Amino acid sequence: MIKPEKTINGTKWIETIQINAEERATLEDQYGIDEDIIEYVTDNDESTNYVYDINEDDQLFIFLAPYALDNDALRYITQPFGMLLHKGVLFTFNQSNIPEVNTALYSALDNPEVKSVDAFILETLFTVVVSFIPISRAITKKRNYLDKMLNRKTKNSDLVSLSYLQQTLTFLSSAVQINLSELDRLPKTHFGVGADQDKIDLFEDVQIEGEQVQRMFEIETQVVDRIDHTFNNLANNNLNDTMKFLTIWSLTMAVPTIITGFYGMNVKLPLAGMQYAWMMTLGISVALIVAMLIMLKVWRKM
């Protein structure tokens, strides 16, 4: 979808969301955007990047934003969005229709302090970076809940939730780190040449916020990994306790089986002719079982 043109202090803004083949052709024919650039900026597998075409004087920005697969389960991946400055016109590409990107664009548009297209781009990037923070806080809340479950019965659903947190943290922490690397590089590119004090301040704001988000995700990743390690240790300990109980139980049951097996043979055996021979075999079995349990206890196998 190509939305109607808007203006940012005199600069045209063309917003696109999930464009189809016909709309791609419109961008090529009507605005003269090269087909390769459209393919590049709408590729969902692209990573963060900044490209400056010295011949066309075009500037292309690609950054990663959080994309929710399941809000309730906190399952997130990241998807790219793009901004292209082409012949004095700003084009934005949100091929995955990421809500956080839409919010960031219109937040920058409505900001009275945004007085240039460069400020609009940086303000958008700032809001996208900030959009990672609520997700980090939700992960912290979920992590605290799972941590409390360690003192109770471990459920498969808790393990699945922990796995989702690890997957989400892997995607988001990687995206935050890549975004921050590009934000640190951006002032040294053509986009940062001749920047005035206001633009320099915006660069610093975005970088500081990016570093804060990066630290938040680094801490969460470490804590969640430790919780996962604890879950695994508890599961292994529970399995060891179960196997120990079953082993002792099987040894205990083997003793009367051996004794009764001997006296079940059709041959003459000692004491077999006595009136209470069955009670004696029972007593022998109990005595051997007790002796075996005492030995296991002495040898610290119980």
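The values are calculated or read from the model by the stated rules, or taken from the named source; none is laboratory data. What you are looking at is a predicted structure, and each value in this text was computed from that prediction instead of being measured. Positions of Cβ are generated from backbone atoms using ideal geometry, with glycine treated the same way; all protein chains shown enter the neighbour counts. Just so you know, the surface numbers come from the protein's heavy atoms only, side chains and all, with ligands and any DNA or RNA stripped out. Shrake-Rupley method; radii C 1.70, N 1.55, O 1.52, S 1.80 Å.
Is there any pair linking a residue in segment 270-290 that is over 28 Å from Ile248 (Cβ atoms) and β-branched (Val, Ile, Thr) to one that is at pLDDT below 75 and not in a helix (DSSP H, G or I), with Cβ under 9 Å and at least six apart or on different chains, and which?
Hits for this filter: zero, empty list.
Can you name the condition, by its number, that Lys153 falls short on among (1) open to solvent by 30 Å² or more (accessible area, probe 1.4 Å); (2) assigned to a helix (DSSP H, G or I); (3) more than 18 Å from Ala73 (Cβ to Cβ)?
For Lys153, the failing item is (2).
Taking Tyr31 as the residue in question, decide whether it is over 25 Å from Gln177 (Cα atoms), among the aromatic types (Phe, Trp, Tyr) and open to solvent by less than 60 Å² (accessible area, probe 1.4 Å).
It is true that Tyr31 is over 25 Å from Gln177 (Cα atoms), among the aromatic types (Phe, Trp, Tyr) and open to solvent by less than 60 Å² (accessible area, probe 1.4 Å).
If you go through segment 72-90 one residue at a time, do you hit one that is acidic (Asp, Glu), over 30 Å from Val160 (Cβ atoms) and at pLDDT below 95?
No: zero hits.
Could you grab the pairs with beta carbons closer than 9 Å, sequence gap of 6+ or different chains, first residue in segment 132-147 and under 13 Å from Ile219 (Cα atoms) and aromatic (Phe, Trp, Tyr), second one open to solvent by less than 10 Å² (accessible area, probe 1.4 Å) and not in a helix (DSSP H, G or I)?
From residues that are under 13 Å from Ile219 (Cα atoms) and aromatic (Phe, Trp, Tyr), there are no pairs.
Of all residues being charged (D, E, K, R) and in contact with a helix residue (DSSP H, G or I) (Cβ under 8 Å, 6 or more places away or on another chain) in segment 74-114, which is surrounded by the most Cβ atoms within 10 Å (Cβ to Cβ)? Just the residue, please.
Here the residue is Glu100.
Tell me yes or no: at least one residue of segment 186-197 is under 30 Å from Val117 (Cβ atoms), open to solvent by less than 70 Å² (accessible area, probe 1.4 Å) and either of a type in the set (Gly, Ala, Ser) or without any contact (Cβ under 8 Å) to a residue 12 or more places away in the chain (or both).
yes
Yes/no matrix, rows are residues, columns are (1) part of a loop (DSSP other than H, G, I, E, B); (2) touching a residue at least 12 places away in the same chain (Cβ under 8 Å); (3) under 16 Å from Asn97 (Cα atoms); (4) not hydroxyl-bearing (Ser, Thr, Tyr):
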site: Glu15; (1), (2), (3), (4): no, yes, yes, yes
site: Ile19; (1), (2), (3), (4): yes, yes, yes, yes
site: Tyr40; (1), (2), (3), (4): no, yes, no, no
site: Glu46; (1), (2), (3), (4): yes, yes, yes, yes
site: Val51; (1), (2), (3), (4): no, no, no, yes
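I need the full set of residues from segment 49-63 which are among the charged types (D, E, K, R) and under 17 Å from Phe93 (Cα atoms), in order please.
Result: Asp58, single match.
Given the criteria in contact (Cβ under 8 Å) with a residue 40 or more places away in the chain and farther than 18 Å from Asn20 by Cα, does Phe61 qualify?
yes
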